[in-house]
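Take a look at the structure set out below.
The values are calculated or read from the model by the stated rules, or taken from the named source; none is laboratory data. Model, not experiment: these values are computed from the prediction. Counting neighbours? That spans all protein chains shown, and the Cβs are built from the backbone with ideal geometry, glycine included.
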Amino acid sequence: MGKIAFVFPGQGSQTVGMGNELASKYESVRSFFQKADDRLGYSLSSIIFEGPKEELTLTTNAQPALLTTSIAILEYFKQTGIEPDFVAGHSLGEYTALVAAKALTFEDGVYAVRKRGEFMEEAVPNGEGTMAAVLGLDRDALKQVTDAVTLEGNPVQLANINCPGQIVISGSRLGVEKASQKAKEAGAKRALPLEVSGPFHSSLMKPAADKFREVLDHLPIEKAKIPVISNVSAAEMSEPDEIKEKLIEQLYSPVQWEDSIKKMIDLGVDTFIEIGPGKVLSGLIKKIDRSVKIYSVSDEETFKSVVDALKEDEK
């Protein structure tokens, strides 16, 4: 059998009630929701389990909620005894990966992403920045479009390079609208505006990165026990100083998801297990390379089917 990677979802995968089934049955799972409440000083768990959806969707809640739920599901998955050779996460999911790799404690991870969410919300007044998914245009052609629009004074850039034919752009509202239009003229099939509260992974997030540096300066970061593939460089990172710098850069740099998956495949990974709510990453990985095995674990039912499938693979 080849190598295994655990991957963790980012913002947008949250749903009201996620993790509730496992938390209600297993104390080891439930304890993470309690720890998150204690560290943050409010009942994040009741927002996760009961909503309302509008409350859970707020960046400041969605980020710690996803990290908490994904780590709680990972805790349940650990009973399989399966250890990953690499971990990675999409944007916010990178923090989950760092907790899984023991570079950050769970409590510090929850606190960090709550502050990250606050600074991202504050960096650009609501409505002034946005994001859009551009389908069917390659990254070089799209970068020419965003560079041209930015030169005209409307900042916009590539934000998430997710898989072939799916790239998210981010920037000022006008920049994203103009780039979306020009992308279609350049041959893109579609440009879909995203429901987000700000222009994440764009230069407009630099003020958030400056504030966030102060938070990370006060959090102990350890050497990662499992190599983490960085969103920024699509390369392995494990040293504390490098992790810190990459987390700061990640706020205003594109998420190199397609390259990160290709890198892990180059390193011998043939099995990806998405741990956390939803199946967004599984869908992207399929589009990057159909030959690898992809599983997703979000509850007891998916856990059982993954365990059965992995047993079959071992035969």
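Before moving on, here are some points about what is shown:
- Consider region 126-162 and keep the residues that are among the acidic types (D, E) and assigned to a helix (DSSP H, G or I). The one that is nearest to the chain's Cα centre (by Cα) is D140.
- Taking the numbered list (1) touching a helix residue (DSSP H, G or I) at 6+ places or on another chain (Cβ under 8 Å); (2) closer than 30 Å to D313 by Cβ in turn, G283 passes all entries but (1).
- Of all residues in region 243-263, those that are farther than 27 Å from V292 by Cα and free of Cβ contacts under 8 Å to residues at least 60 places away in the same chain have Cβ atoms under 7 Å from Cβ atoms of residues that are of a type outside the set (S, T, Y) and in a helix (DSSP H, G or I), 6 or more apart or on another chain, in K244/L216; I248/A209; I248/F212; I248/R213; I248/L216; Y252/M205; Y252/K206; Y252/A209.
- Condition met for D217 (surrounded by fewer than 19 Cβ atoms within 10 Å (Cβ to Cβ), modelled with pLDDT of 95 or more, more than 14 Å from the chain's Cα centre (by Cα) and farther than 30 Å from N126 by Cβ): no
- Residue among G187, G165, G198 that alone is surrounded by fewer than 19 Cβ atoms within 10 Å (Cβ to Cβ) and under 20 Å from the mean Cα position of the chain (by Cα): G165
- Filtered residue count, region 1-20, keeping only those that are out of contact with any Gly (no Cβ under 7 Å at 6 or more places or on another chain), within 22 Å of I82 (Cβ to Cβ) and surrounded by fewer than 24 Cβ atoms within 10 Å (Cβ to Cβ): 2
- All positions within region 180-201 that are within 30 Å of R290 (Cα to Cα) and assigned to a loop (DSSP other than H, G, I, E, B): A186, G187, A188, K189, L194, E195, V196, F200, H201
- Residues satisfying the stated conditions in region 224-257, i.e. surrounded by fewer than 23 Cβ atoms within 10 Å (Cβ to Cβ) and either among the acidic types (D, E) or in contact with a Phe, Trp or Tyr (Cβ under 8 Å, 6 or more places away or on another chain) (or both): I226, P227, E236, E239, D241, E242, E245, I248, E249
- Residues that are among the aromatic types (F, W, Y) and more than 23 Å from E245 (Cα to Cα) are absent from region 83-105 altogether.
- Where a residue in region 272-295 is farther than 12 Å from I4 by Cβ and of a type in the set (S, T, Y) and its partner, wherever it lies, is buried (at least 17 other Cβ atoms within 10 Å of the Cβ) and modelled with pLDDT of 95 or more, with Cβ under 8 Å and at least six apart: S282/F272; S282/E274; S282/I294; S282/Y295; S282/S296
- Boolean, I273 is outside any helix (DSSP H, G or I), touching a helix residue (DSSP H, G or I) at 6+ places or on another chain (Cβ under 9 Å) and modelled with pLDDT of 95 or more: yes
- Candidates E177, E222 - the one that is more than 22 Å from the chain's Cα centre (by Cα) and either acidic (D, E) or not in a strand (DSSP E or B) (or both): E177
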